[in-house]
Amino acid sequence: MHSGRWLILAAVMMAFTPVVVDTTILHIAIPSLAVALGASGNEVLWIIDVYPLVMAGLLVPMGTLADRIGYRQMLLIGLGIFGATSVAAAFSTSALMLIMTRAILGIGSAMIMPCVLALIRQAFEDDTERATALGIWSVVGMAGAAIGPLIGGVLLEHFWWGSVFLVNVPVMMLVIPAVWKLVPSQPGNSEATWKPGQALLLVAGLILAVYGIKSGFEAGLDLQSVVILMIGVALLIWFSRIQISSENPMLELSLLAKPAIGTGLIMAFVASGSLAGFELVLAQELQYVLDKTPLEAGVFMLPIVVAAAIGGPAGGWLANRYGLRAVASLSMAIAALALFAISLSDLAKNAYAIAVLLAILGFALGVGLLASSIAIMGSAPAEKAGAAGALESSGYELGGGLGITIFGVLVNSIYRSSFSNPADVDGVSNSISEAMTAAHDVGGSAGLEIAVAAKAAFGAAHSSVLMLVAAMIAVLSILIFCALRNAPISNTGAH
């Protein structure tokens, strides 16, 4: 057993924290950077979700590469990429440059994430201590995502938008020497199989499919967007066929044949997607429509993220007490009701009621995420626990990335149909970020008219999208109740 195991845990937690904070810190910065870089609505969505999409596609292959070259070495490479790319992202001069640097940040994160868990398992041989260490890992992960918007708000109160990336640099300057000094170097397993081609196939399929959807919604379904979407879908089908037919697949898709695992993955996808998409749209409404500062927006969003972090641990107790079926279906039903109530509420006039609804929504989605994990890991054969974990992690990251896409394209589409262009300025009807940039450039009464029209259109779009998503989650809660009919009533059997 490693004598410095708790120091190793401290080092890998320091490495893990900026990765999870980066998943949410940018939500608050979007209005500032959209104006600074002149980013279109589509570019804003890419800036946000290229990070989780790339990470989702590379988590599993980077894990197997780490098996080959050693976890310490892989972690140091990932941290170096993450730190250097954070500097490039902070000083991006265009939306395209920021999208590219965010994609590279996703590569660095995909290198870091598997090594963190592997090193914890390696350092803690005692089951009780390992459970404690993994509990700390879980809390840090949830807390990091929870405080991301607040950190972003504090930074933007005093600095420019690039500070949300630049804050990673001093952290890396501490983490890299700590990992170098505290984490023992062990040789990798040269026989571990690595399949970079399959990973590239998955990432290419995801990005082309998402690009086709976004461009189709922005410019209408033209031939180019349809062709790109079809190529993306074809690559994803090809990837799926390889996984199903392979004796040693990258992702064990055959596990989805078990109803509880398939249901759990859909829950993970929807819960993480709803949380990520809603947070992004809420951050935009708070700053664009209600004219809140980044810090005020970060504080306003605290109930949802803190409640989501609490909902995870609480979900385990609830599922053990009342059974997976009841907890999983009820958590989704409550999330749907909370979203529907928020869609009918005035964010400016009902701040305290909204705070309660946000907390209910965050708690319900946090419980749902934990219930999805129980469904997946509890139904997987013991010999395929690692494969099930990889499937679950990919589902979380994909859900986050595609949730942002779905929320974003729906909001932008309804915004365009609701927007009336009072000043007859080109480009302002595509997204609120473009309208606010134009309003700033035009200035005067014409600029004010554009801003007022954009705020009204975005408010209507936000409300409509929340109703649509609430209806979708309500239907999902019924499907979950039906799909988990064979799940045990409670884990103890005593209740």
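The values are calculated or read from the model by the stated rules, or taken from the named source; none is laboratory data. These numbers were taken from a predicted model, which means no experiment stands behind them. Using ideal geometry, Cβ is built from the backbone for each residue, glycine included, and neighbour counts are taken over all protein chains shown.
Could you pull out the residue among K258, K292 that is among the basic types (K, R) and closer than 26 Å to I360 by Cβ?
Details: K258 fails: closer than 26 Å to I360 by Cβ.
Within the list K258, K292, the selection yields K292.
Please find, within segment 15-33, the residue that is modelled with the lowest pLDDT out of those that are in a helix (DSSP H, G or I) and among the hydroxyl-bearing types (S, T, Y). Walk me through how you get there before you give the answer.
Initial filter on segment 15-33 (in a helix (DSSP H, G or I)): 15-21, 25-33.
Within this subset, residues satisfying the condition of being among the hydroxyl-bearing types (S, T, Y) are 17, 32.
Working: T17: 82, S32: 79.
It comes out as S32.
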Item to complete: Would you mention how many residues in segment 432-447 are more than 17 Å from E43 (Cβ to Cβ) and among the hydrophobic types (A, V, I, L, M, F, W, C)?
Response: 3
Response to the item:
Of the listed residues (E296, E285), the one being closer than 30 Å to A351 by Cβ, modelled with pLDDT of 80 or more, crowded, with 20+ Cβ neighbours inside 10 Å and charged (D, E, K, R) is E285
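Need at least 1 residues that are crowded, with 24+ Cβ neighbours inside 10 Å and at pLDDT 85 or above per element, so show me which helices (runs of 4 or more DSSP H) inside segment 47-158 make the cut, counting only ones lying wholly within it.
Details: elements: 71-90, 95-123, 127-158.
Because the criterion is at least 1 residues that are crowded, with 24+ Cβ neighbours inside 10 Å and at pLDDT 85 or above, the helices (runs of 4 or more DSSP H) in segment 47-158 that meet it are 71-90, 95-123.
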Worksheet entry | Conditions (1) surrounded by fewer than 24 Cβ atoms within 10 Å (Cβ to Cβ); (2) of a type in the set (D, E, K, R); (3) modelled with pLDDT under 75: number failed by E397 | (1)
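Going by the conditions given, is S86 over 22 Å from L117 (Cα atoms) and over 22 Å from the mean Cα position of the chain (by Cα)? Break it down into steps so the answer makes sense when it comes.
Numbers: over 22 Å from L117 (Cα atoms): yes; over 22 Å from the mean Cα position of the chain (by Cα): no.
The answer is no for S86.
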Practice prompt. Scan segment 34-45 residue by residue and report those that are more than 13 Å from the chain's Cα centre (by Cα) and assigned to a helix (DSSP H, G or I).
Written response: A34, V35, A36, L37, G41, N42, E43, V44
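Hey, any hits in segment 247-261 for a residue that's hydrophobic (A, V, I, L, M, F, W, C) and assigned to a loop (DSSP other than H, G, I, E, B)? Before you say what the answer is, go through the steps one by one.
From segment 247-261, those hydrophobic (A, V, I, L, M, F, W, C) are 250-251, 253, 255-257, 260-261; that's our starting set.
Applying the additional criterion that residues be assigned to a loop (DSSP other than H, G, I, E, B) yields 250-251.
Yes, there is a match, as at least one residue in segment 247-261 is hydrophobic (A, V, I, L, M, F, W, C) and assigned to a loop (DSSP other than H, G, I, E, B).
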Item to complete: State which residue pairs qualify: first residue among the polar types (S, T, N, Q) and inside segment 95-106, second residue surrounded by fewer than 20 Cβ atoms within 10 Å (Cβ to Cβ) and part of a helix (DSSP H, G or I) in any location, beta carbons under 8 Å apart, and separation of 6 or more residues or different chains.
Response: T101/A88
